[in-house]
Amino acid sequence: MLTPCRADFRLIAFCCALLPALLPGASAAESTCAYDIGVADAEASRLDMIVRCSDPSLLDTLSPRDDAATSYIERIAAPAGQAAFRLDLSGFAAASQSRDGALRIGGSLLVTPSAIIPAPRDGDVDLAFTITGGDAALSLPRGIDGAYHLSAGRLWDAGEWVFGKFRRIGVDAMPDLSVVQLDAHLELSPDDLGRWIGDVAASNARFWGMAPVDPTLLVLMPEAGSGGLSGGRVMAAGGATILLRIGERARLPDLYEEWVLVHEFLHLGSPLVRDTGIWFNEGIATYFEPIIRARAGWKTEEAVWLEWIDWMPRGVIDLAPPGLAQARRPYWGGALFLLLADIELRRQSDGRRGIEDCLRAILRQGGNIAIRWSTEAVLAACDREEGDAGVLSGLAARYLHHGAQLDLDALWRDLGIRKTDSGGIVFDDAAPLADARRAIVWGGAGRHWAPIGAYRATP
Ligand SMILES: [Zn+2]
């Protein structure tokens, strides 16, 4: 079942337009600040931080990027060449009660690191974190020194950290994925949760041809009194963290019907593009989510096209003047742009190649969600990969910065798709774009995908 509104899902990247693009090969930080973070007790009511910097003058510039925590952080006496801080984490969480600051759920504490880490104000400083005294879950890569590493310039993008009491859920065959359940009740067993998450992760890795980001952390945030999935978001800097709000009464079959986690996993495989808005990233996740579920056996081909007939009209508005780059929440505008690209690429290649092939090529070049690319770079990379016919740049010239009207009814007719009065769908294989249509959901005409897991959609 489709959740009626997709506008509440966010791919978080604060101030992206203000930050320089971090392209593959960007220079490494020259200065380092090392943080020893001590967790005071089993519920992580307090954190003690000792900081040493290779440039001692940086110690005088340390402060959290978000001022909200300042009154809960006390700077205490420290030996020469060090700075020491004491954070009343329980107090801050009680005041904040926000995923963007800190939040306590049972014995778990969910913290956004930019809110609490006193970091240097300027410069591209490597932050190295060592955590002792209690359990913690975070998605940053670890260096040979065993510490977690993050560039100070990416602190705003870093995913949430979990302290205190939480449950780790094993996902077989996905060693690069960690899953934790915050300390609240879910009716689903850890085994069932692990199986479903493993199936979603496997369907995503199969689509991309690889697991997109290592490490990846999935945080399950139970919500009392509800079922299903009520929201998700991804944050990535070095590794990626998916935060998923899941109702305590969620049932296993319902979760395979949900789009949210498939959508969030899809975000992992593309570079973060923000210089023309969110259309590229949200378009990929919106467009390919039903396709991935069809290939996994969780959605029928007919249901994919029915969903698009119902929802793509929202994208027509996004593509109209003043253009996709100006649209406020162009989830479906981005999806429609990719559908148009897919149709044209399939048409030119007799169905053999589509927009997914160029997206995979970008990922193979290192373009995952932990990296920023410009719109120009992704369009050029796609056009190069697809034989330089200029399909992507041509569509961008038409729809991105100026916008143009699109006759969606005519497009459905050309594809040979008609919704019946009873809510079903009829395909016309004599339509001019019928061959392209047949290639889109399966990634090539007649291509077969082995189902994943035990759930199957009923026609
Ligand atoms: Zn999204």
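Odds and ends about this structure:
- Residue within the stretch 308-327 that is closer than 23 Å to P459 by Cα, open to solvent by 10 Å² or more (accessible area, probe 1.4 Å) and more than 16 Å from the ligand (Cβ to nearest atom) present: yes
- Residues that are closer than 23 Å to W156 by Cα, within 16 Å of the ligand (Cβ to nearest atom) and surrounded by fewer than 24 Cβ atoms within 10 Å (Cβ to Cβ), drawn from the stretch 218-260: G231, R233, L243, L244, R245
- Subset of the stretch 112-137 (residues that are farther than 22 Å from C53 by Cβ and open to solvent by less than 10 Å² (accessible area, probe 1.4 Å)): T112, A137
- The single condition among (1) more than 23 Å from P141 (Cβ to Cβ); (2) modelled with pLDDT under 95; (3) within 16 Å of the ligand (Cβ to nearest atom) that V213 does not meet is (1).
- Those residues of the stretch 410-459 which are touching a strand residue (DSSP E or B) at 6+ places or on another chain (Cβ under 8 Å) and either within 28 Å of D254 (Cβ to Cβ) or outside any loop (DSSP other than H, G, I, E, B) (or both), in sequence order: W412, I417, R418, K419, T420, I425, V426, F427, A434, R437
- Those residues of the stretch 275-288 which are part of a helix (DSSP H, G or I), more than 9 Å from the ligand (Cβ to nearest atom) and not hydrophobic (A, V, I, L, M, F, W, C), in sequence order: G283, Y287
- Scanning the stretch 51-68 for residues that are outside any helix (DSSP H, G or I) and open to solvent by 70 Å² or more (accessible area, probe 1.4 Å) yields a total of 2.
- Extreme residue, farthest from the chain's Cα centre (by Cα), among residues of the stretch 301-345 that are small (G, A, S) and assigned to a helix (DSSP H, G or I): A303
- Within the option set E289, E282, being free of Cβ contacts under 8 Å to residues at least 60 places away in the same chain, among the charged types (D, E, K, R) and open to solvent by less than 10 Å² (accessible area, probe 1.4 Å) holds for one residue only, E289.
- Any hit, the stretch 352-364, residues being over 20 Å from the mean Cα position of the chain (by Cα) and on the phi > 0 side of the Ramachandran plot: no
- Any chance D357 is in a helix (DSSP H, G or I) and more than 16 Å from the ligand (Cβ to nearest atom): yes
- Of all residues in the stretch 155-204 being out of contact with any strand residue (DSSP E or B) (no Cβ under 7 Å at 6 or more places or on another chain) and of a type in the set (D, E, K, R), the one that is modelled with the lowest pLDDT: D172
- Residue in the stretch 190-204 that is open to solvent by 30 Å² or more (accessible area, probe 1.4 Å) and without any contact (Cβ under 8 Å) to a residue 24 or more places away in the chain present: yes
- Test: residue in the stretch 339-349 that is in the same structural domain as D435 (by TED's automatic domain parsing), open to solvent by less than 10 Å² (accessible area, probe 1.4 Å) and within 14 Å of the ligand (Cβ to nearest atom): no
- Among the residues making up the stretch 69-101, those that are closer than 14 Å to P118 by Cβ, open to solvent by 60 Å² or more (accessible area, probe 1.4 Å) and in a helix (DSSP H, G or I) are T70, S71, Y72.
- The single condition from (1) assigned by TED's automatic domain parsing to the domain that holds S57; (2) under 30 Å from M210 (Cβ atoms); (3) in a loop (DSSP other than H, G, I, E, B) that R121 fails is (2).
- Across the stretch 371-392, the qualifying residues are those that are at pLDDT 95 or above and surrounded by fewer than 17 Cβ atoms within 10 Å (Cβ to Cβ), and the one among them that is farthest from L140 (Cα to Cα) is E376.
The values are calculated or read from the model by the stated rules, or taken from the named source; none is laboratory data. In this text the structure is predicted, and so the values were computed from the model without any measurement. Reconstructed Cβ throughout: ideal geometry from the backbone, glycine too, with neighbour counts over all protein chains shown. In case anyone asks, the SASA skips ligands and DNA or RNA and just uses the protein heavy atoms, side chains included. Shrake-Rupley method; radii C 1.70, N 1.55, O 1.52, S 1.80 Å.
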